[in-house]
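Below is one structure, written out as structure tokens; the observations come after it.
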Amino acid sequence: MTNSELEKAVKQFGQRCSSISRIYSIGKSVNGVKLWVMEISDNPGIEESEPAFKFIGNVHGDEPVGRELLMLLANWLCDNYMKDPLATLIIKKVHLHILPTMNPDGFSLRKRGNTNNIDLNRDFPDQFFPVNDDLDSRQPETKAIMRWLKEIRFTASATLHGGALVANFPWDGSENQKKQYYACPDDTTFRYMASVYSHSHHNMSLSTEFQEGITNGAAWYPIYGGMQDWNYIHAGCFELTLEISDVKWPNSTELPTLWEYNRMSMLNLVASLVKTGVHGRILSTECGQPLPASVTIKGINYTVKAGEAFGDYHRMLAPGESYEVTVSMLGYQSKTTRILLEDEAMSVDFILDPEEGPGKQKQVQSGCSCSYGVEFLGWTVMEVSLLVMVILAFFCILLRRKTIFHKQRQSVGQKRALVVHLFPPLQTAEEARQETDWAPQLHPVLSRSLYSARLPIPPGLLAEINDSSYLNF
């Protein structure tokens, strides 16, 4: 489909599946074509303590299969929500973002690069060489992706390419520029993710060129300025580069077959976010405040950050291993636990204690949102609490009086209507004691509380409190 047809299809999807989708743009291409994204979730557009995954297609203009398959994926999820368990799991537990085309201009020109003839998968900052360090020289499509990842905390990602059949993982380049296996810190996890895709595919894992249908990028051929490595280094996002078709621009009649070959691979890769790894929340003992703490794994030189809104973290890890997980944050005591990650995901929450010391304690408490000094309509939280305590005590008194009057009425057999005044008539404590046999002493704790809160107490209520013998705190 053309770029205009693709835009129309994206908007039609948004209208047809409005309850589980949100359509938005992350920017424009060199020629001004909007880069449309479909977010698919049971709560689209709402930040939740759930992992986010993104698919990007058509990075290279002459590799259009990805844009077609991603539209098929979006519609399949919509059609099978609450019918298929995998579709339902993804929509309920993951925020899936789909960018069908990153390079609409290159697609129109049927060439690899964009309008400026720049390969967008060589346009990102590189860890080994200072290529693309000049922000002004980057392409608008590249800038749009980089802004996007600053706005949304993606756990994992995949880009769809054509021209081979393999799942590629970091590193894409080597420090000495040689063609060799150059492993990143999370090599085991990336090999697992790539295997999820290849083994779910119709025949990718049967490749005679790539063992099990997966490859380290630098071992295949090193590149620099790639999007995959940049995601992992700068955005905390575990990204794969998926080559999904031996032919870059196949005949459109082959699309149904390509869709069937890749459908389960795409679904299982997204679902792996919640089917494995360790997930949880990091909170403070001070008020249960969410903490954007750091999560590290012993032996893996990589850090995952928890979210600020919920303190949630989602750490991709290969199953079948034992891991030592440590969470830490400035001003708090770090905590460590050991887990055995089997075939299912684990949920581990952490509660961090503030570091000891007057200065450090003050620094931590300053961010606590439930301090007793917080005011509500001019009253402090403690004053409001005391007022509620007094009101509850008053109603307890009224309830007891009602019970006593009810018993007296039954004993004399008279039918009298009981009238309960919210505030009894003004009377002295002595007069109140003559009506009942309650103890006259006001409870000292309640007395001090009323005085310290400086609450206005109706005289009638004070009399009733003075006579209460059952305010046992």
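The values are calculated or read from the model by the stated rules, or taken from the named source; none is laboratory data. Predicted model only: the values in this text are computed from it and were never measured. Neighbour counts are summed over all protein chains in view; Cβ atoms, including those assigned to glycine, are modelled from backbone coordinates with ideal geometry. The protein model used for the area step is the full one, side chains on, heavy atoms only, and it has no ligands, DNA or RNA in it. Shrake-Rupley method; radii C 1.70, N 1.55, O 1.52, S 1.80 Å.
What to note about this one:
- Counting only residues that are assigned to a loop (DSSP other than H, G, I, E, B), over 28 Å from the mean Cα position of the chain (by Cα) and surrounded by 16 or more Cβ atoms within 10 Å (Cβ to Cβ), segment 104-127 holds 7 of them.
- Tabulated pairs, segment 3-32, first outside the structural domain of Ala87 (by the TED database) and assigned to a strand (DSSP E or B), second of a type outside the set (Phe, Trp, Tyr) and loosely packed, with under 12 Cβ neighbours inside 10 Å, C-beta under 6 angstrom, 6+ apart or interchain: none
- Looking across segment 260-304, the residues that are open to solvent by 20 Å² or more (accessible area, probe 1.4 Å), within 20 Å of the chain's Cα centre (by Cα) and farther than 23 Å from Lys92 by Cα come down to Leu283, Gly288, Gln289, Pro292, Ser294, Thr296, Tyr302, Thr303.
- Pairs meeting the criteria (first residue in segment 85-98 and over 10 Å from Pro44 (Cα atoms), second residue assigned to a helix (DSSP H, G or I) and not hydrophobic (A, V, I, L, M, F, W, C), beta carbons under 7 Å, at least 6 apart or on different chains) are Ala87/Asn80.
- For Leu72, the requirement of being in a helix (DSSP H, G or I) and either aromatic (Phe, Trp, Tyr) or more than 20 Å from the chain's Cα centre (by Cα) (or both) is met.
- Among all positions in segment 19-28, there is no residue which is open to solvent by less than 30 Å² (accessible area, probe 1.4 Å), closer than 26 Å to Ser245 by Cα and not small (Gly, Ala, Ser).
- Qualifying residue in segment 134-145 (condition: open to solvent by less than 10 Å² (accessible area, probe 1.4 Å) and over 29 Å from the mean Cα position of the chain (by Cα)): no
- One residue from Gly373, Gly320, Gly357 being of a type in the set (Gly, Ala, Ser) and modelled with pLDDT of 95 or more: Gly320
- Within the span defined as segment 56-65, every residue fails to be small (Gly, Ala, Ser) and under 16 Å from Arg16 (Cα atoms).
- Qualifying residue in segment 219-241 (condition: of a type in the set (Asp, Glu) and either closer than 24 Å to Gln127 by Cβ or at pLDDT 95 or above (or both)): yes
- Per the conditions (1) outside any loop (DSSP other than H, G, I, E, B); (2) among the β-branched types (Val, Ile, Thr); (3) surrounded by fewer than 18 Cβ atoms within 10 Å (Cβ to Cβ), the sole criterion not satisfied by Val131 is (1).
- Counting only helices (runs of 4 or more DSSP H) that sit completely within segment 146-259, those holding 2 or more residues that are within 24 Å of Leu341 (Cβ to Cβ) and open to solvent by less than 30 Å² (accessible area, probe 1.4 Å) correspond to 187-200, 227-234.
- Qualifying residue in segment 46-54 (condition: assigned by the TED database to the domain that holds Asn116, part of a loop (DSSP other than H, G, I, E, B), modelled with pLDDT of 95 or more and basic (Lys, Arg)): no
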